[in-house]
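Worksheet for the structure shown next.
The values are calculated or read from the model by the stated rules, or taken from the named source; none is laboratory data. Everything numeric here is computed off the predicted structure, so don't read it as measured data. Positions of Cβ are generated from backbone atoms using ideal geometry, with glycine treated the same way; all protein chains shown enter the neighbour counts. All accessible areas refer to the heavy atoms of the entire protein, side chains included, with ligands and DNA or RNA removed. Shrake-Rupley method; radii C 1.70, N 1.55, O 1.52, S 1.80 Å.
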Amino acid sequence: MATANNPDLNEIRRNIRANVSLFVKLIYPSEILDFIPSISDEVVEIIREKESNSRIEAARHLMKIVIERYDVFIKRIFQTSPSSSNNEYNTYCEFIFNRIRGDLIRRVNPFEILEDLYSRKCLNIEDKEHIGAHRDTPVVACREMFVRLPKRQINWALHLFEVLGKNGYDHLVTKADPSASNEECLEKGLVFSSYASQLDKTEVKIFADNEREDRDRTMITENVSYIGSGYTSSKYAQANIENLGINSSCEEKLDTKKNGENDSECGSDDEKAEHEASEKLQIEGKPVENKLRSYQQELADKALLGKNTIICADTNSGKTRVALYIANRILESPGRGNRKVVFMARTNPLVCLLSKDDLNSTKMGLLVPDYDVFFMTPQILVNNLKGDEVKTAMFCLIILDECHHTDKGEPYNTLMRHYIKQKTEKPNEPRPQVIGLTATIGVGNANSDRQAVDHMLKICANLDVETIATVEDENNIEEMRKFTSRPREERKSMEERKDDPCKKVIVETMRKIEEVLDPSLKANMDLQDRINERPLNDYESKKYQQWIVVTKDKSACIMKHDKTRSRQIVSSLEHLLNYNEALDINYLMNVKDVLEYLTRKFEKETSQPDCLTYHEKCLITLFEDTKEKLKRLIKISQAENPNLNTLVELLRKEFHENGLTSRGMVFVQTRATAFALSEHLNSKLQNDGIKCKPFTGNKSSESAEGMGESEKKLLLENFKSGEVKLLVSTSVGSEGIDIPECNIILKYNFSGNEINVIQMQGRLRKEGGKAIYFSNYGTQVRDTINMQKAAMMYRALEMLKNMEPSERMRRILEYQRQDMSSEAIKQLSKDIHQAEKPKIEFRLKCFRCKTFAVDGDKIRKFQVHHTVTDRTFFDRIKKVPLAKTNTFDNITKHSKIYCKNCPQDWGVIFIIDDQEVPVIKSDPFVFESTNTYANRDRRYKKWKDVPYYLEPIEKEEMLELLLPFE
């Protein structure tokens, strides 16, 4: 570093000259000008005026002056012969810290340096506790540490860099040192040899392999925490994506082509073969120019006119890359207002990089000044827009991936309604451009081309879109086809079992439960009709499942004074629900898998025998009897599902032919089947080097298993790395999973809609991929209908594009007016309902056993949670610690809580400031009130549906009310 005694200023000057482009990229003139007093006010004004239009031009102008007056600049910033006790040296360290703060947050493990900083009195006990609360999220912990450091020590930056050097982070300081040579930085892996020569070309570069769209997504997610790694207090923090060093052999070949040669030649077989090996070249590569293919440029051109646009192109065509190119152009263009971009994925687990910290409006409001590109789910922005710190006007561009979901109650639609409302109410206020990305707009419930066009117009209206960008040039269409080749397809029919002994055992058990259940239903006048409404001999259908759920809710609410009979009915119905799902698994799985599923479902009850009634113990005895019958069936080969063996062999054959570098996805209809099938496939294929895992959505209902967002994010990382080679997924995996090696898709009796038909093909990223359809006759018929709808969609899209622009816009505006009017009425009704919520006495009772839980006035709203402020509540619950705790906003999710008298799940325990705070759900309870419906209890799935006023509470009051009794 240039801080040794008597530094060679000429050498520093030479380094500054050699790295002018680097300084131009990193320096924000407004932050440097005050440190160079020899510059006249007139020149300062010129530089500031230039910066208002172009930071780069202002930085270049400043560097020209700096080189002329380098000694003043150097002496002011680096201070000749600083000592470690010199305040000026600490100022220098603060300067360095501000330059590399983003790098530090991304690369430093705060828990490696925490104790050293504490011993130097740079942090206190309270600081350590707050930082330690984020142990599972080092980036958040690091950010928290840097917020607290300046408050404790004057020379905090000096101590920080000494501690960093002591703990092996000196390479980060090298990067910040303006006197470090290219060779020094290159030696430590901080820049590439061609780095300096590239920097002055553009303010933000997007260096990515142009061969597959998934690389673009990976680039965003892996670098979103790195965005802003320059001056974190700057107006425009940069995305130092150059450090990826991604190489594209195809791009290099384009650069060497002779004039007149067709760019589409990069789709040749040789170049595609080179692409498959490009992963190995990335770590050696050079930054490549942000160059689009011809068809991609055609897609981008319409959006670059500044109008809201849907970019509709085949899967694998590089829509994400096109969007990034547009974002880059918009961010670089002079004269625009706020230069911030939001990239949204609807349910993609990759957005956990930002969302797993449960950003609230305060947090996001603090992040907006420091970052320029945000990658998140739409719900995060919707939540933050409710506050005063985040506004859509802060952004210049919003990109919506899979934008065909901008419909009905989807978060995308909620966000866009807010956007359109702001546009209507404040027409002169700046608003961001909207770009939607999709491979298919869909047709909804349309049965004709005209209805399909209507659906597409509604999607356009919801997105406030004027333009649909598709590839229309014939040469470009031909080029796109070379990069979006259709997978090979194989269709195979499932074998229908003439004899199914497992089904017979389960149905026999369900009939026995019905025999006990029916007299209890007949005993109540309001429940007698439920017997007649039950589907006959249709035990495995969704209709039967729905009958169970409705009957259970109704009986729990009606039978207010007969707790025993109510609990008997609810328990019986819960057992029927488990057996109903077991039949669904049995259709596709073996007896062993059915048995494992049922054992897991009844584990909660069998492990708590003291909480069970006599009737519930009888139900468990019946289960044990069923379990023994199923165990005997396992030994009979005739009881095995022949389709499952066929499935295993199909997958084994594909992996054998394509090699173990392959990745595969099996799609099934239900979560229960996904979990059971993945376990079975893992047992059969793991010895072949094929590890299998389930991939499903979040748990959303009583009858569904599910996966958390962090769990899905880790799984996708393992799938990408090859640790996991096969995913068994529900429809949630049909969008947004972009793994280059994925070349096998198998639909196991899975049927979605016309959108799934197209989207699932997009999961096949590798050249020569194969899609296998293994299903029964009914599913094949539905697939045929979906293919017809897909064809209808393409026809309707052409009709929509050929429509007169004025007519198209007229209908879009009409749909917007209809939607906004409808929403206004709904919101008014909701507001009136909310305002009229009465302060009525009510109490909560356990849904299953009717045990008193808590009085309504003891339930208070803390932030978005509903907490119990009655200390005696702890006497009515049983706590079970979570296997893995989760911390967010200094709140730790610590344990599950159950009813003390039955196995009903009530909610969770939060730890806030070392105190236990019960947080309850609404659906495990029935609500008993003193209103006109006092003869009947009510059950509400969500707290927002509860018709009673719930008083908010602040943290201090809540914790005081929950203090343990002395």
- Query: In terms of solvent-accessible area of protein heavy atoms at a 1.4 angstrom probe, what is the ranking of ASP518, ASP529, ASP913, ASP857, highest value first?
  - Reply: ASP857, ASP913, ASP529, ASP518
- Hits in region 852-894: amide N under 18 Å from the 7 Å Cα→Cβ extension of ARG135, namely 881-894
- Task: Report the label-to-label distance for LYS879 and SER333 in nanometres (one decimal), using points 7 Å from each Cα along the Cα→Cβ vector.
- Result: 5.7
- Task: Give the accessible area for ARG106 in Å² (nearest 10); use a 1.4 Å probe, count only protein heavy atoms, and leave out ligands, DNA and RNA.
- Result: 80
- Normalised Cα Rg of region 594-714, dividing by 2.2 N^0.38 Å with N its residue count, works out at 1.31
- Item | Gain on full stretching of the segment that runs from ILE65 to GLU42 - 0.36 nm per residue minus C-alpha separation | 7.0 nm
- Item | Of all accessible heavy-atom area on region 568-673, the percent that carbon and sulfur account for (1.4 Å) | 54
- Task: Would you mind putting 718-731, 776-789 in packing order, based on average other-beta-carbon counts within 10 Å, highest first?
- Result: 718-731, 776-789
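Per residue, how large is the accessible surface of region 612-669? Use a 1.4 angstrom probe and give square angstrom. Display every interim value, and only then the final one.
Values: 2860 Å² over 58 residues.
Result: 49 Å² of accessible area for each residue.
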- Looking only at region 480-496, which residues have a backbone nitrogen under 16 Å from a spot 7 Å from the Cα of TYR777 in the C-beta direction? 492-496
- Cβ-Cβ FRET estimate between ASP538 and LYS498, R0 fixed at 25 Å, reported to 0.05: 0.80
- Item | Contour excess over end-to-end distance, with Cα ends at THR784 and ASN53 and 0.36 nm allotted per residue | 257.6 nm
- Once Rh is set to the Kirkwood radius over Cα pairs, what Stokes-Einstein translational diffusion coefficient, in µm²/s, holds for region 769-922 at a temperature of 25 °C and a viscosity of 0.890 mPa s? 114
- For labels at GLU490 and TYR949 in the simple 7 Å Cα→Cβ model, what's the distance in nm? 6.7
- Message: Give me the one-decimal nm value for the distance between modelled label points at GLU717 and MET394, 7 Å along each residue's Cα-to-Cβ direction.
- Response: 2.7
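By accessible area of protein heavy atoms, probe 1.4 Å, what ranking do ARG843, ARG534 get, highest first?
Result, largest first: ARG843, ARG534.
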- Just subtract the alpha-carbon distance of PHE852 and SER119 from 0.36 nm times their residue separation and send over the number in nm, one decimal. 258.7 nm
- Message: Restricted to Cα positions, what overall size does region 867-966 have along the principal axes? Three whole-Å values, descending.
- Response: 42, 30, 30
- Message: Starting from a Cα-only point model with no solvent, please compute log10 I(q)/I(0) by Debye for region 448-530 at q = 0.12, 0.13, 0.26 1/Å.
- Response: -0.79, -0.79, -1.14
- Task: Ignoring everything but the protein chains, give the 1.4 Å probe accessible area of PHE395 in square angstrom, nearest 10.
- Result: 10
- Roughly how many Å² of HIS130 are accessible to a 1.4 Å probe, to the nearest 10? 50
